[in-house]
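One structure is given below, encoded as structure tokens.
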Amino acid sequence: VAERILLVEDDEPLGTQVCRHLARSGYSVDWLRDGDAALAAPLDGLVLVVLDLMLPGAYGMDVLKRVRKESGVPVLVLSARNDTADKVRALRLGADDYVTKPFWPEELLARVRARLRRPALGGEERLRVGPFAIDVAGRRLELEGRRCELTRAEFDFLVALARRPGAAIRREDLVEEVLLPSRNGSERTLDAHASRLRRKLGPHGRHVRTVWGIGYRLDAEVAS
Amino acid sequence: VRLRRRLALTTLLSAAPLAALLLAYQGVVRRRAHVDALRETALSVMESGGRQVCEAFPTRFPAIGTAGPVPLTVEDASKILPLVSGLEDEIPPEVLDAVKEALGSTGEKPNEPKPKTEGPETPSDDGATFSAVLGPASVGVATIVDGPTVDSGVEMWAYHRDFRSSNPDAPPFPPGLRAAMERGDADVSDVLDVAGQETIRVAVAMPWREGPASIVLVLAPAPPPAAADAVVRWGLVAICLALVGTIWLAAGPVVARILRLEAGMRASAAGGYAHDVEVTGRDEVAGLARAFNEAGAQVRRHVAKVEEREGALRRFVADTTHDVMIPLTVLQGHLSDVRDHARRGEAVPPDAVRAGLEETHYLGSLLQNLSVVAKLEGGEPERRREPVDLGRLVERVVERHRPLARARSVSLDHAVPRQPLTTEGDVTLLEQAVNNVVHNAVRHNDDGGHVAVTLARAGDRFVLRVADDGPGVSGEDLERLGTRRFRSDAARTRDPGGRGLGLHIARRVAEHHGFDLAFRNRAPRGLEAAIEGPAVAPGATR
């Protein structure tokens, strides 16, 4: 079942474009063209509201207030104004994020996905990212159902990446998290652990990506 | 002039009732004095012989004789004589002798009643003489024997304790006064108004409280009201007029100063508050002038600020219009190129699409930068201090540049800490600053290059780094990067070197927030920009 997004946007071409991109990404979109309709719209079953602040009829902020009052659904605000007061006000009223016009379709989609990204199920104890099933407490990794033996550092390295799949993690942070301070570890040591981990993961090792200028990342495509 | 008139009128209006009050008070005092005098007269008349006369002639008192010069009978004279026996010293002896002689002619026994003989026994001027004999030492007797009238219009009547008079001619005792006396008052008075003729009635209880002269009623015409007194009347009018005149004269210079100040204010206001009004003296009017000048200065400052902002806005609109036309024209060219290809059924040239996209990106970035410039140049006085989630900010900026980076095959990555990292500032300005630095890194990188944006906490500060592996900047230019003063020309040039306006804005925004912005070259190649500033302690904001 497609996730339903409510779009409140009065501009016809922009609305059409946003609808098309959201629909292409697999969301089902309800599109309302004015604020008064948005004030009355049912909010049940929505996963996200994309709200333009400059609307005919009810002021965008009023719609935002109403949505916040009646539902916990995340709200992404589209703002044509490059005005700090407006943004701050929208965030204060409970908007979760904003995108300033003009924006790229990809930009909007990235913000939508960021809002809908759910934490990995199973909490901290069990992480499931693509083919990786990680029992954090039991320090076990299963790869497509088969147990994979890792050293302590390699396991911690993978957990650090898997906790935030798709996000790049800085080398400095990984050194702190993975290497024991007593061993006087360096970033070079970290890279050695990374290459050994890749080898052990076999074909899935390519999902552990080196990010230029930052560190490492577990591929987002694997996660989704 | 209205103020003056009002002052005078107010004075007059308050002085008139005051004068009336004064008159009324004076009338009361005068009447009281009159009553006191009448009471004293009654007491002194009765004490210095009146009582004896009354007791001797109760039915006739106070008119012992008939009206006018009293023809005393010998009997009467013989009755009176003992009454004044203590006063012989004060009566001229020859007169006394004359009386005694007159009495003596009637026989040896003066005490024995004699049949009254008709007709004057003594010549009429004897009575007058007798009267003269008795006064002034015994004024009571003297006056009383003259008749009920003590002096001009004053009458005196004697009553028993039960308010009954032995004299049938006496008027009935006034019930009002009687009631008051029965309550125990020693003397009472009231005013009887008969046909506009006011009569003061004073009833005095005599200290002896017995006999036919226990109570004396004095009737006297009321004194004329004080207002009837020309001196009083005109005096009061004169005082009132003098007051009004004084106020009128005293208000003159003040009113003149106020009028001068008003004219000055009007002139100043007409001239857009460019000139101050003249301040003379140290009083309230001068204070008003000073206050006006202060207000004028405030207006001037405000107008100057508004004009400055308006100027900035006007320049912004003019610059923007000009600047936007160039990339728009280029974009139109690319689009028509695409259209021509599509029309001919050929494949759309990817270069034209990519260039078109870059132009739109440039357009958006340009407009946002110009708006930030207007904000900074307009001298936005209030410095916004709102919590800014830097992680979100970095994500937004990176997402914004991803299409551009992809078009240039530049890999663009970012890393932000898991815990929110917040600073305080103006989110629009900060986002634009970071945007410019990232834009610079992407735009000036080579195809296939890398850009990395990292955000990290370092103690109680944040460090936001934007690193690239592009060509970097030579040492000398590195120092000057972003320091060039922005002139409107800079925004108009297409900026092929490209590091002008955007980085300048980034530096200005950093300065505005008190953040550090530093550039350094990376080894083996590339440029790294670092923005550092205070971070809000974790958990301080949501």
Check: So who's got an amide H within less than 5 Å of the one on A:Leu51, skipping anything under 5 residues away but keeping other chains? H placed 1.01 Å off N, in plane.
Finding: A:Val8, A:Leu76, A:Val77, A:Leu78
Next item on the list: Can you tell me the relative contact order of chain A? Whole percent, Cα pairs under 8 Å, sequence separation 6 or more.
Entry: 12 percent
Next item on the list: Report, by chain and number, residues whose modeled amide H sits under 5 Å from the one on A:Glu3, excluding near sequence neighbours (fewer than 5 apart, same chain).
Entry: A:Ser28
Next item on the list: Can you pull the one-decimal nm distance between simple spin-label points at B:Leu18 and A:Glu125, each 7 Å off the Cα toward Cβ?
Entry: 9.8 nm
Item checked: A:Asp30 versus A:Glu12: modelled label distance in nm, points set 7 Å from Cα along the beta carbon direction -> 2.4 nm
Next item on the list: Could you sort B:173-185, A:5-17, B:439-451 so that the peptide with the highest average Cβ count within 10 Å comes first and the rest follow in order?
Entry: B:439-451, A:5-17, B:173-185
Notebook entry, point to check: In percent, what relative contact order does the range B:224-348 have, based on Cα pairs under 8 Å that are 6 or more apart in sequence?
Noted result: 12 percent
Checklist line | Whole-Hz couplings from phi, Karplus 6.51/-1.76/1.60, listed for the range A:154-162; x for Gly and Pro | finding: 5, 5, 4, 4, 5, 4, 4, 6, 6
Notebook entry, point to check: Mind listing the phi-derived Karplus ³J(HN,Hα) values for the range B:325-340, rounded to whole Hz, using 6.51, -1.76 and 1.60 with θ = phi - 60°, and x for any glycine or proline?
Noted result: 4, 5, x, 5, 4, 4, 4, 4, x, 4, 5, 5, 4, 4, 4, 4
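What does the charge dipole of the range A:1-159 about its Cα centre add up to, to the nearest 20 debye, if the Cβ of each Lys and Arg holds +1 and the Cβ of each Asp and Glu holds -1?
420 debye
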Notebook entry, point to check: For the range B:297-314, in order, what is each residue's ³J(HN,Hα) by Karplus, 6.51 cos²θ - 1.76 cosθ + 1.60 with θ = phi - 60°, in whole Hz (x at glycine and Pro)?
Noted result: 4, 4, 4, 4, 4, 4, 4, 4, 5, 4, 5, 4, 5, 4, x, 4, 5, 5
Note to self: Using a 10 Å cut-off around each Cβ of peptide B:31-43, what is the average number of partner chain Cβ atoms that fall inside?
What the structure shows: 0
Next item on the list: Would you please give the residues with an amide H less than 5 Å from that of B:Leu412, counting only those at least 5 places away or on a separate chain, with H modeled from the backbone geometry?
Entry: B:Val451
Item checked: Extension gain, B:Arg418 back to B:Ala523 (0.36 nm per residue minus Cα-Cα distance, nm) -> 34.9 nm
Check: Hey, got the dipole for the range B:188-324? About the Cα centre, +1 on K and R Cβ, -1 on D and E Cβ, debye to the nearest 20?
Finding: 340 debye
Note to self: Taking each residue in A:96-105, count the Cβ atoms of any other chain within 10 Å of its Cβ, then average. What number comes out?
What the structure shows: 4
Checklist line | Ellipticity estimate at 222 nm from DSSP helix runs (n ≥ 4, -39,500 (n - 2.57)) divided over chain A, nearest 500 | finding: -11500 deg cm²/dmol
Next item on the list: Along Cα→Cβ, 7 Å out, is where each label goes; now give me the distance between the ones at B:Ser336 and B:Thr280 in nm to one decimal.
Entry: 7.5 nm
Note to self: Given the options A:Ala162, A:Cys148, A:Ala85, identify the residue whose Cα lies farthest towards the positive end of the charge dipole of chain A (+1 on Cβ of Lys, Arg; -1 on Cβ of Asp, Glu).
What the structure shows: A:Cys148
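No lab work stands behind these numbers, since they all come straight from the coordinates. Predicted model only: the values in this text are computed from it and were never measured. Using ideal geometry, Cβ is built from the backbone for each residue, glycine included, and neighbour counts are taken over all protein chains shown.
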